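This report refers to the structure that appears directly beneath it.
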Amino acid sequence: MVVELRDEFVHVAHRIVWCTLATVDAAGRPRSRVVHPVWERAGDGLTGWLYTRPTTPKIGHLRRTPYASCSYWDPQHEVAVAECAAELTGDPATRRHVWDLVTGLPEPIGFDPRIMGVTDVDDEGVLLLRLTPWRLATGGKAWRAPAAA
């Protein structure tokens, strides 16, 4: 991943905060909703984290087609897009890591997950969605993972 493009993507995404997440339903149709992922740089890579409820339609969509598109846009027409592999995860170490990450960042990127009605880091009333980009685009530039070419 080109580190400069990754950093530009995170800058735009964290400034805009909310994105449109698109998945594919059982009939092969796109389905969109507004969500609040938090993006984490790791080495030269990038991971998005999203809290979600276990009963939302996106869970079924992602079990059938484990890919999602995250699109950020603002009124000045600044755009950032991440096409991602999407994986549900919930192991205790990851849950703790993401809880600490989102509660440790300043608002509006950081937040208290209890606003979703959960009691603590182990509450199974929410799941974690890991977003691993295979393509990023922003500022007229794009990057695609070699295996996704």
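Observations, loosely collected:
- Count of the stretch 83-99 residues which are among the charged types (D, E, K, R) and not in a helix (DSSP H, G or I): 3
- Every residue from the stretch 100-149 that is assigned to a helix (DSSP H, G or I) and among the hydrophobic types (A, V, I, L, M, F, W, C): L101, V102, I115, M116, A147, A148
- Only one entry of R33, R29 meets the criterion of being among the charged types (D, E, K, R) and without any contact (Cβ under 8 Å) to a residue 24 or more places away in the chain, and that entry is R29.
- Any hit, the stretch 62-72, residues being at pLDDT 95 or above and either farther than 23 Å from A147 by Cβ or of a type in the set (D, E) (or both): yes
- Answer from L62, L46 - the residue that is over 16 Å from V10 (Cβ atoms), surrounded by 15 or more Cβ atoms within 10 Å (Cβ to Cβ) and aliphatic (A, V, I, L, M): L62
- Among the residues of the stretch 55-78, those that are under 25 Å from P108 (Cβ atoms) and of a type outside the set (A, V, I, L, M) comprise T56, K58, S69, C70, S71, Y72, W73, D74, P75, Q76, H77, E78.
- Whenever a residue of the stretch 70-95 is closer than 15 Å to R15 by Cβ, its partners that are among the charged types (D, E, K, R) and modelled with pLDDT under 95, lying with C-beta atoms within less than 9 angstrom and at least six residues away or across chains, give the pairs Y72/E78.
- When the strands (runs of 3 or more DSSP E) confined to the stretch 1-50 are screened for residues that are at pLDDT below 95 and closer than 13 Å to P133 by Cα, those reaching at least 1 such residues are found at 38-42.
- Some residue of the stretch 66-82 being under 15 Å from H36 (Cα atoms), charged (D, E, K, R) and part of a loop (DSSP other than H, G, I, E, B): yes
- Verdict on E83 being under 28 Å from A26 (Cβ atoms), touching a strand residue (DSSP E or B) at 6+ places or on another chain (Cβ under 9 Å) and surrounded by 15 or more Cβ atoms within 10 Å (Cβ to Cβ): yes
- So E87, is it of a type in the set (D, E, K, R) and modelled with pLDDT of 95 or more: yes
- For V121: the one exception among (1) farther than 27 Å from A26 by Cα; (2) within 18 Å of the chain's Cα centre (by Cα): (2)
- When the stretch 113-141 is filtered for residues that are farther than 19 Å from V35 by Cα and either free of Cβ contacts under 8 Å to residues at least 24 places away in the same chain or of a type in the set (F, W, Y) (or both), the ones remaining, listed by number, are T119, D120, D123, W134, G140.
- Exclusive hit being modelled with pLDDT of 95 or more and either more than 23 Å from R144 (Cα to Cα) or surrounded by 13 or more Cβ atoms within 10 Å (Cβ to Cβ) (or both), set I109, I115: I109
The values are calculated or read from the model by the stated rules, or taken from the named source; none is laboratory data. Only a predicted model underlies this, so the values are computations on that prediction, with no experimental measurement involved. For neighbour counting, all protein chains shown are included, and Cβ atoms are generated from backbone atoms with ideal geometry for every residue, glycine included.
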